[in-house]
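Since the structure comes first, as structure tokens, the remarks are kept for the end.
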Amino acid sequence: MRLAGKVAMISGGARGMGAAEARLFAREGARVVIGDVLEAEGRTVEAEVKAKGGECVFTPLDVTREADWQRAVALAVERFGALHVLVNNAGIGAVSRVEDTTEEAWDRVMDVNAKGVFLGTKTAIPAMRRAGGGSIVNISSQLGLVGMDNISPQYPASKGAVRIFTKVTALQYAREGIRCNSVHPGPIVTPMTEPRRRDAATYQLMLSRIPMGRYGEPDEVAYAVLYLACDESSYVTGSELVIDGGWTSQ
């Protein structure tokens, strides 16, 4: 198994891509901690993993609160003995034009999507250092690489911040055996994208921008995250793995 002996923490693990990552990691031998503000959904994923013979624990986690991260990392180390992998998966979206975006809306997305990645990374690094190294995988977006007209300004701004933050982290900790990479999914079938998929015009517009002509599935992202989390990618750090159906090739 590709993550045998590893302890992994996944933020936003209660549904969507995070839940897919948690299930896959457990199948590949990891002991998994999932954190989320969605407690009922998170405990459902925890129970599903355990029912299939995996090791998993859910903890409430607001990624914008450093104290929550400290408690979550301490739980991982206390329960499983170490922390080797962090997936900063939690994120939120928004739709608005620049001049219609409020300061509060800007701050909310930036806090979850960018500050949350910073706090998770900052808190996990000492535990990874004690474990002898580790892998941090930050979920950005194809919109962390290119712009788009019908999206909020704060969403791509936050995902672009994640991209560069990833590279800084990779450079600062490479000699300590701590790797950091970013994953850039295109449109994926998740609860977060459901409202825009329900709107026929928006859905067709999005499909028209994807050369493969479809949304991706959560497992298609999870397998990419698995590669970066496991030792198969031991010489990969500071890199961007794009999973977007060809969106950014245009």
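FYI, it's all coordinate maths here, none of it is from the lab. Model, not experiment: these values are computed from the prediction. Ideal geometry is used to build each Cβ from the backbone, glycine not excepted, and the neighbour counts take in all protein chains shown.
Positive contributions from Lys and Arg (+1) and negative ones from Asp and Glu (-1), summed over other residues with Cβ under 14 Å from the Cβ of Arg179, come out at 0.
Is the C-alpha gyration tensor of the stretch 76-150 telling us rounded, prolate or oblate? Criteria: a/c under 1.5 is rounded; beyond that, a/b larger than b/c is prolate, otherwise oblate.
Details: a/c = 3.79, a/b = 2.49, b/c = 1.52.
Taking the square roots of the gyration eigenvalues as a ≥ b ≥ c, the stretch 76-150 is prolate.
What chymotrypsin sites (Phe, Trp or Tyr not before Pro) does the stretch 145-235 have in DSSP loop regions with at most 10 other beta carbons within 10 Å? Walk me through the numbers before you get to the answer.
Working: sites: Phe165, Tyr173, Tyr203, Tyr215, Tyr223, Tyr227, Tyr235; in loops: Tyr215, Tyr235.
Sites meeting the loop and neighbour criteria: Tyr235.
The order of Ile92, Ile188, going from fewest to most other C-beta atoms within 10 Å of their C-beta, is Ile92, Ile188. When the P(r) is computed for the stretch 172-218, the part past 12 Å accounts for 68% of the Cα-Cα pairs.
Relative to one another, the C-alpha centroids of the stretch 54-98 and the stretch 115-188 are positioned 14 Å apart. In the frame of its principal axes, the stretch 5-46 has Cα extents of 27, 14, 13 Å, reported largest first.
For a straight C-alpha distance cut-off of 12 angstrom, the aspartates and glutamates reachable from Lys115 (same-chain residues fewer than eight places away being disregarded) are Asp62, Glu66, Asp107.
Which one of Gly12, Ile178, Gly120 is farthest out on the positive end of the charge dipole of the chain, using unit charges on Cβ (Lys, Arg +1; Asp, Glu -1) and the Cα centre as origin? Selected residue: Ile178.
What's the angle, to the nearest 10 degrees (0 to 90), between helix 39-51's Cα axis and the longest principal axis of the chain? The angle comes out at about 50 degrees. For the Cα atoms of the chain, what angle does the longest principal axis make with the long axis of helix 16-27, in degrees from 0 to 90, nearest 10? Result, in degrees: 30. In straight-distance terms, cross-link reach from Lys6 covers every one of the aspartates and glutamates whose alpha-carbon lies under 13 Å from its own, apart from those fewer than eight places away in the same chain; here that gives Glu28, Glu55, Asp231.
If each residue's Cβ is checked for other Cβ atoms within 10 Å, how do Arg2, Arg97 rank with the fewest at the top?
The fewest-first ordering by Cβ neighbours comes to Arg97, Arg2.
Springs join every pair of Cα atoms under 10 Å in this Gaussian network model of the chain, and among Asp111, Asp231, Asp68 the largest mean-square fluctuation is at Asp231.
Backbone phi angles across the stretch 163-173, fed through the Karplus curve with coefficients 6.51, -1.76 and 1.60 (θ = phi - 60°), yield HN-Hα couplings of 4, 6, 4, 4, 5, 4, 4, 4, 5, 6, 10 Hz in residue order; Gly and Pro are listed as x.
Volume per residue of the convex hull around the Cα atoms, evaluated for the stretch 38-89, comes out as 88 Å³.
Regarding the stretch 1-148, what whole-number volume in Å³ per residue does the convex hull of its Cα atoms give? List each step's numbers first, then the result.
Numbers: hull volume 16.5 nm³, N = 148.
Value for the stretch 1-148: 112 Å³ per residue.
Per residue, the average separation of C-alpha pairs within less than 8 Å and at least 6 apart gives the chain a relative contact order of 19 percent.
Take the chain, connect every pair of alpha-carbon atoms lying under 10 Å apart with a spring to form a Gaussian network, then pick out the residue of Met17, Met148, Met128 with the largest mean-square fluctuation. Result: Met148 has the largest fluctuation of those listed. Compared with the dominant Cα axis of the chain, that is its longest principal axis, helix 218-229 is turned about 50°.
Look at the Cα gyration tensor of the stretch 1-87: its axes a ≥ b ≥ c give a/c of at least 1.5 with a/b at or below b/c, and that counts as oblate. In plain terms, the C-alpha convex hull of the chain casts an average shadow of 12.8 nm² when viewed from every direction.
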